[in-house]
1. If the Cβ limit is 8 Å and pairs must be 6+ apart or interchain, which residue in the stretch B:225-252 that is farther than 17 Å from residue B:322 by Cα and open to solvent by 30 Å² or more (accessible area, probe 1.4 Å) pairs with which residue that is assigned to a loop (DSSP other than H, G, I, E, B) and among the aromatic types (Phe, Trp, Tyr)?
2. I'm told residue B:338 meets every condition in (1) away from chain A (no Cβ under 14 Å); (2) touching a residue at least 60 places away in the same chain (Cβ under 8 Å) except one. Can you identify the failing condition by its number?
3. I'd like the full set of residues that are within 19 Å of the chain's Cα centre (by Cα) and open to solvent by less than 10 Å² (accessible area, probe 1.4 Å), limited to the stretch B:307-362.
4. Checking residue B:324 against (1) farther than 20 Å from residue B:240 by Cβ; (2) within 12 Å of chain A (Cβ to nearest Cβ); (3) in contact (Cβ under 8 Å) with a residue 40 or more places away in the chain, which single condition isn't satisfied?
5. Scan the stretch B:124-145 and give yes if some residue there is touching a residue at least 40 places away in the same chain (Cβ under 8 Å), part of a helix (DSSP H, G or I) and either over 26 Å from residue B:3 (Cβ atoms) or in contact with a Lys or Arg (Cβ under 8 Å, 6 or more places away or on another chain) (or both), otherwise no.
6. Counting just the residues of the stretch A:17-54 that are surrounded by fewer than 16 Cβ atoms within 10 Å (Cβ to Cβ) and assigned to a strand (DSSP E or B), which one comes out nearest to the other protein chains (Cβ to nearest Cβ)?
7. Which condition from (1) part of a loop (DSSP other than H, G, I, E, B); (2) at pLDDT 95 or above is the one that residue A:84 breaks?
8. Only one of (1) touching a Phe, Trp or Tyr at 6+ places or on another chain (Cβ under 7 Å); (2) surrounded by fewer than 21 Cβ atoms within 10 Å (Cβ to Cβ); (3) farther than 21 Å from residue B:323 by Cα is not met by residue A:68, so which one is it?
Amino acid sequence: MDFPEELKYTEDHEWVLVENDVVTVGITNFAQDQLGDIVFVELPEVGDMLEEGKTFGVVESVKAVSDVYAPVAGEVVEVNEVLPDEPEALNNSPYEAGWMIKIKLADPAVLDGLMNVTAYKEFVEKD
Amino acid sequence: MKITPLNQIHRQLGARMVDFGGWDMPVQYSGVIAEHMAVRTTAGLFDVSHMGEIEVSGAQAFEFLQYATTNDLANLTDGQVQYTALCYETGGVVDDLTLYRFAADRYLLCVNASNSDKDFAWLQDLQKNTDFNDLTLINRSDEYAQLALQGPVAANILAKLTSTDLSAIKFYRFKEGMVAGIKTIISRTGYTGEDGFELYCAAADGAALWQELMKVGESLGLLPIGLGARDTLRLEKAYALYGHEITAEIMPIEARLAWITKLKKGNFVGRDAMLKAKQAGLSRKLIALTLTTSGVPRDGYPVLSGGRQVGYVTSGTMSPSLRKGIALALVETAVAESDEPLQIGIRKRQVLAERTALPFVK
């Protein structure tokens, strides 16, 4: 299964792309595969302040509702406006077209708590 | 966990398996939406061997079933199937089922998997507490495998494997015949709203029947279908599911099942309670709702009118055919029959839901 090396990962199966003090967040290929056909996405609004570990959105497959958790604290500076109309992008392109939100980091140090690709692969295999 | 005779096949196909009422069952193979659309456009094959089969035979079988079930068996003929229900004295539902008439004194009841032990015990108790003595009840659930072959080309696929004249088997009729050399009950029934068959064979033959059907069906677009799509397919057609639209606390006449509840056929279990409830006026009614904006209704979500909860969703999903959220909901009768706008509460949102004529998908 495909997990890009340049990304960081969480135990909730989100990926994080770090670019200076802004991070892009989405769900991993593993997460979308587990969920199955995704039919609905709920995202926060630009300007919302997120707390680390708290729910920032909802992803629904035909069968199930899943919360998505903020991997880091910070302000939402951009959301993927296309996703609510094309939730299947989360299945088809989890790392590109399926990105969910961009967060301006409150504290760059928190990134140290995220997994690199090797650690995440091990985590997925144990899961 | 219990397994069907096809468990190994599902695993080989890479199905995602789930615990379904104590059964290890496939919820999806290629994906719920792709599987759903295959059944609507070509054909799908379901393992429904978890369903229970109870044989009722004897000189008093007819009389007993007429008393135990809600529908009227009087006009049934050999080779006919009937959708019906078992009720408690309260009018609540023990289970819904299909009843097969093999002869005036021999019937097979196909019941829900997770209810089969309960149903069998219920029928045994009913026999004990009544005067129906010339009657034999046998739980044959473990003896049968059952496959559902459903979709517009289902008959084309089945015809390749049987010399039985399928055109002679009308909707809700069955015949016993050979399919791929396997002794099978060929029933023109299903839970998808498409043309198709439910095929019963000996448990030991189930895997072979599946493989033969897949082999001849693949070129016609036949896909294996899991329980995920089974649910979206039935819900688009507004078919009731036990535990959702009908439960021990919901009477069939509240759940749009008056057509299988023949209050005038004579006495049957639950009839008095239903007559009384009908006389007093039913307090709630099952309605169909379609969301006007994006969102997925789920069972248990509240139905609101003017900010007040007036009912709840019994089943909800994203309809793969309509690409809209659809729901069946049990709501107060007065509200159901009014044209007050209704909303479904989805987390913090209240989403406008339009009353919809049934079925959702014609």
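The values are calculated or read from the model by the stated rules, or taken from the named source; none is laboratory data. Not measured: the values here are computed from a predicted model. Positions of Cβ are backbone-derived with ideal geometry, glycine not excepted, and every protein chain shown enters the neighbour counts. With ligands, DNA and RNA removed, areas are computed over all heavy atoms of the protein, side chains included. Shrake-Rupley method; radii C 1.70, N 1.55, O 1.52, S 1.80 Å.
1. If the second residue must be assigned to a loop (DSSP other than H, G, I, E, B) and among the aromatic types (Phe, Trp, Tyr), the pairs left are B:248/B:88.
2. Failed condition: (2).
3. B:313, B:314, B:315, B:317, B:319, B:326, B:327, B:328, B:329, B:330
4. (3)
5. The first filter runs over the stretch B:124-145 and keeps only residues touching a residue at least 40 places away in the same chain (Cβ under 8 Å), leaving B:126-127, B:130, B:132-145.
Filter once more, so that each one left must be part of a helix (DSSP H, G or I): B:126-127, B:141-143.
Filter once more, so that each one left must be either over 26 Å from residue B:3 (Cβ atoms) or in contact with a Lys or Arg (Cβ under 8 Å, 6 or more places away or on another chain) (or both): B:126-127.
Yes: one or more hits.
6. That would be A:49.
7. (2)
8. Checking residue A:68 against (1) touching a Phe, Trp or Tyr at 6+ places or on another chain (Cβ under 7 Å); (2) surrounded by fewer than 21 Cβ atoms within 10 Å (Cβ to Cβ); (3) farther than 21 Å from residue B:323 by Cα, the one that fails is (2).
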